[in-house]
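Okay, structure first, notes after.
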Amino acid sequence: GAVVSQHPSWVICKSGTSVKIECRSLDFQATTMFWYRQFPKQSLMLMATSNEGSKATYEQGVEKDKFLINHASLTLSTLTVTSAHPEDSSFYICSARQPQNEQYFGPGTRLTVT
Amino acid sequence: QKEVEQDPGPLSVPEGAIVSLNCTYSNSAFQYFMWYRQYSRKGPELLMYTYSSGNKEDGRFTAQVDKSSKYISLFIRDSQPSDSATYLCAMEEAAGNKLTFGGGTRVLVKP
């Protein structure tokens, strides 16, 4: 299957700072990337859908000014959590797909805000 | 009522047994159905991807889709302790759209 990577895998930051998470499709070009967050023992919650070269589409209840998404190339999307607070601590997972194909997930990034 | 229902488990089976997982859904527009396996603190791994009704087999895994009943299943034969994980069903209306996930079923295979 296709490979999607995320960096970093784990990050700790202080409250009020910003954190950037990268998502890369390593062996295919992803026209669409998705960002999810997952709380312990819960399923994935879609945050936003990102198409290369255009603005991300955010799900209802997700603050677009807080969670900045950039999809500048067909292999890279970034999620920036701005002015992070402890309630933003979560497991963030990206996924990528080509048109009409399966969706492949990255390994996730664990964010802890202190 | 959630759009996709999945028993959270945990489902505990002895090694070598068949693991049977299922999801029900309410949206008749769903056409593509997936099963993912997720280990703790890892991203989901795609196991099976099927279109419309029918069966699909891949190694020890068999996926079944019954659109008339809005019911999908995943069977794992000869289960191993390494199969212990959370299994998520997911579905979409058209290829390329966003996925709708079930809540996941935690499976424990005991040696």
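Worth a mention:
- Scanning the stretch B:81-111 for residues that are over 19 Å from B:Lys67 (Cα atoms) and under 10 Å from the mean Cα position of the chain (by Cα) turns up B:Thr86, B:Tyr87, B:Gly104, B:Thr105.
- Test: residue in the stretch B:71-79 that is loosely packed, with under 13 Cβ neighbours inside 10 Å, in contact (Cβ under 8 Å) with a residue 60 or more places away in the chain and over 19 Å from B:Ser26 (Cα atoms): yes
- Scanning the stretch B:74-111 for residues that are among the small types (Gly, Ala, Ser), out of contact with any Pro (no Cβ under 9 Å at 6 or more places or on another chain) and more than 21 Å from A:Lys41 (Cα to Cα) turns up just one, B:Ala94.
- Looking across the stretch A:6-24, the residues that are more than 11 Å from the chain's Cα centre (by Cα) and within 13 Å of chain B (Cβ to nearest Cβ) come down to A:Ser9, A:Trp10.
- Given (1) more than 20 Å from B:Leu99 (Cβ to Cβ); (2) loosely packed, with under 14 Cβ neighbours inside 10 Å; (3) within 14 Å of chain B (Cβ to nearest Cβ), number of the condition A:Gln60 does not satisfy: (1)
- Just so you know, in the stretch B:55-111 the residues that are assigned to a loop (DSSP other than H, G, I, E, B) and among the hydrophobic types (A, V, I, L, M, F, W, C) include one that is nearest to the other protein chains (Cβ to nearest Cβ), and it is B:Ala95.
- Selection of the stretch B:52-68 for residues being touching a residue at least 24 places away in the same chain (Cβ under 8 Å) and surrounded by fewer than 18 Cβ atoms within 10 Å (Cβ to Cβ) yields B:Phe61, B:Lys67.
- A residue that is within 8 Å of another protein chain (Cβ to nearest Cβ), touching a residue at least 40 places away in the same chain (Cβ under 8 Å) and either hydroxyl-bearing (Ser, Thr, Tyr) or more than 14 Å from A:Glu52 (Cβ to Cβ) (or both) can be found somewhere in the stretch A:75-91.
- A:Thr75 of a type in the set (Val, Ile, Thr), modelled with pLDDT under 95 and under 23 Å from B:Tyr36 (Cα atoms): yes
- Lone unmet requirement of (1) of a type in the set (A, V, I, L, M, F, W, C); (2) surrounded by fewer than 21 Cβ atoms within 10 Å (Cβ to Cβ); (3) in a loop (DSSP other than H, G, I, E, B) for B:Val13: (3)
- Considering residues of the stretch B:33-53 that are at the interface with chain A (Cβ under 9 Å from one of its Cβ atoms) and not aliphatic (A, V, I, L, M) only, the residue nearest to the chain's Cα centre (by Cα): B:Tyr36
The values are calculated or read from the model by the stated rules, or taken from the named source; none is laboratory data. Just so it is clear, the structure is predicted and the values come from calculations on it, not from any experiment. All Cβ positions, glycine included, derive from the backbone under ideal geometry; neighbour counts span all protein chains shown.
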